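Q: Here it is, the structure in full.
The values are calculated or read from the model by the stated rules, or taken from the named source; none is laboratory data. Just so it is clear, the model here is predicted, and its values are computed rather than measured. Every residue, glycine as well, gets a Cβ built from its backbone with ideal geometry; the counts of neighbours run over all protein chains shown.
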Amino acid sequence: MRYISTRGQAPALSFEEVVLTGMASDGGLYVPETVPQLSKEELADMAGCSYAEIAFRVMKPFVNGEIDDDTFRGLVKDAYATFSHDAVVPLNQLDANHFLLELFHGPTLAFKDVALQLLGRVLDHFLNKRGERAVIMGATSGDTGSAAIEGCRHCDNLDIFILHPHNRVSEVQRRQMTTVLADNVFNVAIEGNFDDAQAMVKASFANQDFLNGTRLVAVNSINWARIMAQIVYYVASAVAVGAPHREVSFSVPSANFGNVFAGYMAYQMGLPVKQFIIATNANDILHRTLAANDFSKQELAATLAPSMDIVVSSNFERLLFDAYERDGHAVAALLERFQEEPTALAEAPVAKLREKFASHSVDDATILEVIREAHHRTQEVLDPHTATGYRAAERARADAATPMITLATAHPAKFAEAVVKAGFPGVPLPPHMDDLLEREERYTVLPAELDAVQRFVAEQRR
Ligand SMILES: *Cc1c(COP(=O)(O)O)cnc(C)c1O
C-alpha cells in the first residue's frame with residue numbers, strides 16, 4: 001500500500017511517511033493508491049466484535065504491516081480505552097429507522113477524539129522507532145486543539161503547541177486545553193483572531209528553519225491517519241444495523257469534509273451505503289457545490305455550530321480526486337481556478353457525486369427549532385452540530401426504508417450556548433469533567449507575531 005497525492009506531482013509515500021507528513025509537496029493531499037476491500041464475509045464476521053477489534057481489522061490494510069499486528073492492536077485498544085462508554089461509539093435509536101451514532105464519549109466530548117487518540121499513539125510509535133522527536137503545531141478555534149492535546153499528552157516523543165485566539169474561545173473549550181498540565185503541552189493564547197493563529201502555523205510549516213531540523217507534524221484533518229481512524233465507525237455502526245445484509249445511509253454534520261470522506265472510503269471498501277447526506281450550517285459551500293454546482297468561496301459566518309464554520313473544505317479535494325477519475329492535473333487546475341474566482345465542477349464529476357451524496361444547509365434559527373423539535377420527539381438534547389445532521393437526514397433522505405444513521409459529533413454540554421438559546425436550562429458536563437471550571441490552567445499569552453511564536457516554540461520544546 002502506497003499513498004499518492006491528489007495533485008499527481010508529489011512522490012508516493014509509505015504509511016509511516018504519510019503519517020509523519022502533512023500536505024504533499026505539490027500542495028495536494030495524500031490518498032491510498034488502491035482501496036483495500038472488505039468482503040461480505042469479513043463484514044458479517046464483525047457482528048458482535050468489540051469496537052477495538054473492528055478498528056484493528058478495518059485499519060490493518062492501510063497500516064500495511066508497517067506496525068506489527070500485536071503492537072497495532074495494543075495502540076488501538078489503548079486509544080479507545082480512553083472513551084467513557086463501553087461501546088466507544090454507541091448507537092442510539094431515535095425512532096423506527098433513525099439512529100444517532102454518538103461519537104462524543106471521548107476525553108474532549110467531540111468526535112475528533114476518535115481519530116486523535118489513535119494518531120498521537122501512532123506518531124509516538126514511529127518516532128520512538130526512529131529515535132526522533134517531533135513538534136506538533138496547530139491553530140484552533142475549539143475542538144481540534146483540545147482533542148489533539150488529549151491525544152498527545154502521554155506521548156514522550158512529541159511536544160505539542162496549540163495556538164488559540166486569546167479571549168475568543170468559549171470557557172469550556174479553553175479549559176479543556178489549558179488545564180492539561182503535562183510537560184509536553186504548550187497552550188499559546190494569541191492576541192489576535194483565529195486567522196492570525198492559523199497564518200502563523202502555516203508559515204511555520206512553510207519554513208521550519210526555526211526548529212533546527214526537528215520535524216514539524218500536522219494533526220489537522222489533512223493527516224491521512226485521521227481519515228483512516230474515522231472509517232471504522234461507519235463500518236461498526238452499519239454492521240450493527242444489519243450490514244452487509246442491508247444498505248444503510250448516513251447524515252454527517254460537515255465542515256472540512258474529513259468525516260464524511262471517511263464514510264465514502266468505507267463505501268469504497270465495500271460497505272453497502274445507499275446515501276451520504278452532507279449537512280452544513282450557513283457556511284454552505286458543500287451544499288452549494290452539490291445542489292447548484294456553485295463551487296465558490298463566501299464570507300465566513302459565525303454560527304451556533306462553530307466547529308462547522310469554514311470557508312473552504314480542505315478534504316473535499318480528496319473526493320474531487322475520485323470524481324475526476326484520479327486525474328491530478330484536472331484537480332490541480334480546478335483548485336487553482338477556485339482560489340481565483342467562483343467556478344463550477346465539470347459535468348461528469350458533479351453527476352458522479354450526486355449519485356451517492358445529497359446535501360442540506362441549516363441556518364441558526366433552524367438549529368434552535370431542531371433542538372426543540374428533536375427533544376419533543378425523542379427526549380434527546382442534540383448539540384447544534386448534530387442538529388444540522390438530524391434535520392438534513394429528515395429533509396434529504398432518499399427513502400424511509402433504509403436505516404438512517406446521523407452522526408452525533410459533539411456532546412450538548414460542550415455547546416451549551418445554543419442549547420440554552422433553544423430554551424433548555426443547560427446540560428451538565430459528564431462526571432469526569434464536572435470540576436473543569438475549578439482546575440488550574442496554564443497558558444502563555446503572545447502577540448500575533450511570527451517571530452515571538454517561533455522563538456517560544458524553539459525555546460520551550462524539550
Ligand atoms: C470538526 C467538527 C465537525 C466537522 O467535521 P469535518 O470532518 O471537518 O467535516 C462537525 N462537528 C463537530 C462538533 C466538530 O468538532
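Q: Looking only at helices (runs of 4 or more DSSP H) that lie completely in region 1-92, which have at least 3 residues being over 18 Å from residue 115 (Cβ atoms)?
A: 40-45, 69-81
Q: Provide a single number: the residues in region 118-164 that are at negative phi and away from the ligand (no atom under 16 Å from the Cβ).
A: 28
Q: Exactly one of (1) buried (at least 22 other Cβ atoms within 10 Å of the Cβ); (2) within 12 Å of the ligand (Cβ to nearest atom); (3) among the aliphatic types (A, V, I, L, M) is unmet by residue 222. Its number?
A: Only one criterion is unmet by residue 222, namely (1).
Q: Any idea which of 370, 419 is within 16 Å of the ligand (Cβ to nearest atom), surrounded by fewer than 24 Cβ atoms within 10 Å (Cβ to Cβ) and not small (Gly, Ala, Ser)?
A: 370
Q: Contact list please: Cβ distance under 6 Å, first residue in region 41-57 and surrounded by 14 or more Cβ atoms within 10 Å (Cβ to Cβ) and modelled with pLDDT of 95 or more, second residue assigned to a loop (DSSP other than H, G, I, E, B) and not aliphatic (A, V, I, L, M), pairs at least six apart or on different chains.
A: Pairs found: 43/244.
Q: Among the residues of region 123-146, is any charged (D, E, K, R), more than 23 Å from residue 62 (Cα to Cα) and buried (at least 24 other Cβ atoms within 10 Å of the Cβ)?
A: yes
Q: With the structure loaded, tell me whether residue 69 is in contact with a Phe, Trp or Tyr (Cβ under 9 Å, 6 or more places away or on another chain) and among the charged types (D, E, K, R) or whether it fails that test.
A: So residue 69 fits the description; yes.
Q: Also, I was wondering about something else. Counting only residues that are touching a Gly at 6+ places or on another chain (Cβ under 8 Å) and part of a helix (DSSP H, G or I), how many does region 150-171 have?
A: Number of matching residues: 3.
Q: While we're looking at this one, here's another question. Please verify whether residue 335 is in contact with a Ser or Thr (Cβ under 8 Å, 6 or more places away or on another chain) and more than 16 Å from the ligand (Cβ to nearest atom), treating the condition exactly as stated.
A: No; evaluated as a whole, the condition is false for this residue.
Q: Let me ask something additional. Could you check region 248-306 and list, in sequence order, the residues that are outside any loop (DSSP other than H, G, I, E, B), within 13 Å of the ligand (Cβ to nearest atom) and among the aromatic types (Phe, Trp, Tyr)?
A: Passing the criteria: 250, 261, 264, 276.
Q: Can you work out which of the residues in region 373-383 that are under 12 Å from residue 424 (Cα atoms) and either within 16 Å of the ligand (Cβ to nearest atom) or of a type in the set (A, V, I, L, M, F, W, C) (or both) is surrounded by the fewest Cβ atoms within 10 Å (Cβ to Cβ)?
A: Looking at residues that are under 12 Å from residue 424 (Cα atoms) and either within 16 Å of the ligand (Cβ to nearest atom) or of a type in the set (A, V, I, L, M, F, W, C) (or both), I get 380.
Q: Looking at residue 213 and the list (1) in a loop (DSSP other than H, G, I, E, B); (2) touching a residue at least 12 places away in the same chain (Cβ under 8 Å), which single condition is not satisfied?
A: Residue 213 satisfies every listed condition except (2).
Q: Please find, among 388, 409, the residue that is crowded, with 18+ Cβ neighbours inside 10 Å, in contact with a strand residue (DSSP E or B) (Cβ under 9 Å, 6 or more places away or on another chain) and within 14 Å of residue 364 (Cα to Cα).
A: That would be 388, the only listed residue that is crowded, with 18+ Cβ neighbours inside 10 Å, in contact with a strand residue (DSSP E or B) (Cβ under 9 Å, 6 or more places away or on another chain) and within 14 Å of residue 364 (Cα to Cα).
Q: Can I ask one more? Looking at residue 365, is it farther than 29 Å from residue 272 by Cα, surrounded by fewer than 23 Cβ atoms within 10 Å (Cβ to Cβ), modelled with pLDDT of 95 or more and away from the ligand (no atom under 16 Å from the Cβ)?
A: In short, yes.
Q: If residue 264 satisfies every condition in (1) surrounded by 18 or more Cβ atoms within 10 Å (Cβ to Cβ); (2) over 27 Å from residue 22 (Cβ atoms) but one, which is the exception?
A: (2)
Q: Suppose we keep only residues that are in contact with a Leu (Cβ under 9 Å, 6 or more places away or on another chain) and modelled with pLDDT of 95 or more within region 419-440. Which one would you say is farthest from residue 273 (Cα to Cα)?
A: 440
Q: Are there any pairs, at least 6 apart or on different chains, whose C-beta atoms fall under 6 Å, with the first in region 333-354 and closer than 14 Å to residue 322 by Cβ and touching a residue at least 40 places away in the same chain (Cβ under 8 Å) and the second in a helix (DSSP H, G or I) and of a type outside the set (Ser, Thr, Tyr), and if so, which?
A: Short answer, once both residue conditions are applied: 353/323.
Q: Would you check if there is a residue in region 288-302 being modelled with pLDDT of 95 or more and within 17 Å of the chain's Cα centre (by Cα)?
A: No: zero hits.
Q: What residue, of 209, 195, is of a type in the set (Asp, Glu) and within 21 Å of residue 317 (Cβ to Cβ)?
A: Only one candidate passes the filter, namely 195.
Q: Then there's this: In region 107-146, how many are in a loop (DSSP other than H, G, I, E, B) and over 20 Å from the mean Cα position of the chain (by Cα)?
A: 3
Q: Considering each of 81, 110 in turn, give the residue that is modelled with pLDDT of 95 or more and closer than 15 Å to residue 146 by Cβ.
A: Only one candidate passes the filter, namely 110.
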